[in-house]
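Please read the structure below before turning to the comments.
The values are calculated or read from the model by the stated rules, or taken from the named source; none is laboratory data. Just so we're clear, the structure is a prediction, and the values are computed from it rather than from any experiment. Cβ placement follows ideal geometry from the backbone for every residue including glycine, while neighbour counts extend to all protein chains displayed.
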Amino acid sequence: MRPKIDKESLQPIVLKTGEILRRHFTTGKILRSKKSRDILHEADIAADSFIKEQLSNLYPGIPILSEENVDEAYAARAQNRFIIDPLDGTINYSRGIEEFGVALSYQENRQTIFSLVYKPVAATMYVAQKGKGSFKNDIPLKVSTTSTLQEAIVAFDPDRENSVLANYINPLHARVRTLRSFGCAIQALGLIAEGKIDAYVYDRPKIWDIEPIGLAITEAGGLILNHDGTPWDGVSPVVVCTAALKPELLSIIEQS
């Protein structure tokens, strides 16, 4: 009989993955470059292999969609599946920058219902369950109450290829308090869930970048949107923000 998909069953896997990442940190090797100047590190492979082995043993038959196996068509089509990013922030990691982590989520009928995100250096664990809230190290999360873009801190991830962001980054910069780029989606999005920053924009997100930590944001009261204001479809340019900032932020994007 399969165990429940919950914190008690999955947290040991995520914590052990964090140990693997710490073991390779500053000493591991870059294996090759990916597209868009990203890289593949040996820690990506070690963490990916460990998570898949553990999930397959505990939950046989449930597909696993990972950043490191994007060509697995079965997992990509499945309605019920695990989504993992074994090492988010690989470039940071390869240069000894401590903003990186591991992300794991479970979807039923393409809806994320449970997620764990762990930053091992900071020992920060985000846990979220649909309809039951989100937590950082057992402390409930709530997005910010910032009411205008003039007061807002907005994070972004740049992209060099056919970037829509290039069209609106300067108008956005002129309207917000400041912009930030962290080189790690779970760092930026975790800060939104905590209410420490207010929004995030990215032209070329992948589902493993957004969905695991995204549940922490929506359970904390935030929104994850397409540029037209509809719920994010999993592939299009993404806007993550609070309800208060949604009209102003989407207006800048639409006009640019």
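Have a look at Gly214, Gly190 and point out the one that is crowded, with 22+ Cβ neighbours inside 10 Å and touching a Phe, Trp or Tyr at 6+ places or on another chain (Cβ under 7 Å). Can you show your working first?
Details: Gly214 fails: touching a Phe, Trp or Tyr at 6+ places or on another chain (Cβ under 7 Å).
Sole residue among the options that is crowded, with 22+ Cβ neighbours inside 10 Å and touching a Phe, Trp or Tyr at 6+ places or on another chain (Cβ under 7 Å): Gly190.
At pLDDT below 95, closer than 27 Å to Arg23 by Cα and either surrounded by fewer than 19 Cβ atoms within 10 Å (Cβ to Cβ) or not polar (S, T, N, Q) (or both): which single residue out of Gly101, Gly96 fits that description? Can you show your working first?
Working: Gly101 fails: at pLDDT below 95.
Gly96 is the lone residue from the list that is at pLDDT below 95, closer than 27 Å to Arg23 by Cα and either surrounded by fewer than 19 Cβ atoms within 10 Å (Cβ to Cβ) or not polar (S, T, N, Q) (or both).
Condition first: touching a residue at least 60 places away in the same chain (Cβ under 8 Å) and either assigned to a strand (DSSP E or B) or under 16 Å from Leu189 (Cβ atoms) (or both). Now tell me which residues in segment 235-256 satisfy that.
The first filter runs over segment 235-256 and keeps only residues touching a residue at least 60 places away in the same chain (Cβ under 8 Å), leaving 237, 242, 244-245, 248-249, 252-253, 255-256.
Result: Pro237, Thr242, Leu245, Leu249.
Mind telling me which of the residues Tyr126, Tyr168, Tyr106 ends up being of a type outside the set (A, V, I, L, M, F, W, C), within 24 Å of Arg180 (Cα to Cα) and part of a strand (DSSP E or B)? First the steps, then the outcome.
Numbers: Tyr168 fails: part of a strand (DSSP E or B); Tyr106 fails: within 24 Å of Arg180 (Cα to Cα).
Going through Tyr126, Tyr168, Tyr106 in turn, just one is of a type outside the set (A, V, I, L, M, F, W, C), within 24 Å of Arg180 (Cα to Cα) and part of a strand (DSSP E or B): Tyr126.
Which of (1) at pLDDT 95 or above; (2) touching a strand residue (DSSP E or B) at 6+ places or on another chain (Cβ under 8 Å); (3) under 28 Å from Phe25 (Cβ atoms) is the odd one out, the single condition Gln54 does not satisfy?
The failed condition is (2).
Being assigned to a loop (DSSP other than H, G, I, E, B) and at pLDDT below 95 is the filter; apply it to segment 198-226 and report the residue that is nearest to Gln150 (Cα to Cα). Show your work before the answer.
So in segment 198-226, the residues assigned to a loop (DSSP other than H, G, I, E, B) come out as 198, 203-206, 220-222, 226.
When the remaining residues are screened for being at pLDDT below 95, the result is 203-206.
On the way: Asp203: 22, Arg204: 26, Pro205: 26, Lys206: 29 Å.
Of everything passing the filter in segment 198-226, Asp203 is nearest to Gln150 (Cα to Cα).
If we scan segment 145-167, do we find a residue that is without any contact (Cβ under 8 Å) to a residue 60 or more places away in the chain, buried (at least 17 other Cβ atoms within 10 Å of the Cβ) and of a type in the set (Phe, Trp, Tyr)?
Yes, some residue in segment 145-167 is without any contact (Cβ under 8 Å) to a residue 60 or more places away in the chain, buried (at least 17 other Cβ atoms within 10 Å of the Cβ) and of a type in the set (Phe, Trp, Tyr).
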